[in-house]
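Enquirer: First the structure, which I've put down as structure tokens, then a few questions once you've had a look.
Every read-out reported here was derived from the displayed coordinates using simple, explicitly stated rules and does not represent laboratory data. Please read all numbers here as calculations on a predicted model, not as lab measurements. Reconstructed Cβ throughout: ideal geometry from the backbone, glycine too, with neighbour counts over all protein chains shown.
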Amino acid sequence: MDYSVVEAQVKKIIAEKLNIDTSRVSLESRLVDDLAMDSFGSIEMAFELEEKFNIKIPDADIAQVKIVKDIVDYVALRAA
């Protein structure tokens with residue numbers, strides 16, 4: 001799947017989960033510090049990403065991501 005498509009869809013999912021405008025979500029945005037995502041939000045985001053991209057994301061992997069680019073890279077490597 002094209003990286004830019006994954007990036008746009010990941011940003012959209014994050015913005016929807018956090019109820020913010022997608023313009024506030026950049027590849028360098030830190031999930032906790034910049035976007036105020038809590039652990040519950042990250043779990044919800046993981047479920048949404050799994051459904052959207054038809055992948056499985058272990059909880060341990062979600063715990064490792066710090067910035068939006070981490071998520072986009074992760075999904076881009078695994079999405080069909």
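Enquirer: In deg cm²/dmol and to the nearest 500, what is the mean residue ellipticity at 222 nm of the chain if only DSSP H runs of at least 4 residues count, each as -39500 (n - 2.57), divided by the residue total?
Expert: Counting only the DSSP helices, I get -18500 deg cm²/dmol.
Enquirer: Then there's this: Want the number for ALA60 to THR22: 0.36 nm per residue separation, take away the alpha-carbon distance, what's left?
Expert: Full extension from ALA60 to THR22 adds 11.1 nm.
Enquirer: For the residue pair ALA36 and ALA8, what label-to-label distance in nm results when each label sits 7 Å from Cα along the Cα-to-beta-carbon direction?
Expert: Rounded to a tenth, the inter-label distance reads 2.9 nm.
Enquirer: Something else about it: Skipping prolines and chain starts, which residues have an amide H placed within reach, meaning under 5 Å, of the one on ARG30, given they are 5 or more residues away or on another chain?
Expert: Counting only residues 5 or more places away or on other chains, the set is LEU35.
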